[in-house]
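J.: Encoded as structure tokens, here's the structure I'll be asking about.
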Amino acid sequence: MADVPTFDDFVVARSPSLLRTAYLLTGDWALAEDLLQTALTKCWRRWDRITEGHEPYVHRALVTTYLSWRGRRWNGELATADLPEREVGDLSARVDERAALWVALRRLPPRQRAVIVLRYYEDLTEVETARVLNVHVGTVKSQTSKALIALRLDPTLRPDGAPTLDEVR
């Protein structure tokens, strides 16, 4: 077991990537930090007993913790329209596209969002995603399909004049 990383080494090496995943799931940096901390706490308690590989185990803990939070999220804070303006230069179109993508991603149901994050942001295979979510590969495929359709039809991502699903039928 010489190749088994210590918990501290794993956290130091993987925290930036795991925090990004948590942010993609929650859409909020503060919630992402809380989510990651909670998931890592759960993993720390079992670290020496993990036999299936630490990376998939931590990803599964992150996603299952996120999915268990979906009913508990407090939405008492409201964004303000009076934010300080910053110069974005030539990147403004990219920033707008990313913002629209985040809005569309947040509209997806939690399971579909988790599948999209794991498949396309974490670059996991269908089998790895199924293992993390503890579902069948077919479920990953169907949830991915439904999520991609929803993203294609999302009004924040459609270019002006693009047909809706009703117009296509």
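J.: Charges at C-beta only: +1 for Lys and Arg, -1 for Asp and Glu. How large is the resulting dipole of the stretch 94-169 about its Cα centre, in Debye rounded to 20?
T.: Approximately 220 debye in magnitude.
J.: In percent, how large is the relative contact order of the stretch 94-169, given Cα pairs closer than 8 Å and 6 or more residues apart?
T.: 35 percent
Here, each number is a calculation from the coordinates, and none is a lab measurement. Quick caveat: nothing in here was measured; it's all calculated off a predicted structure. Because the Cβ atoms are built from the backbone with ideal geometry, glycine has one as well, and the counts that use them run over all protein chains shown.
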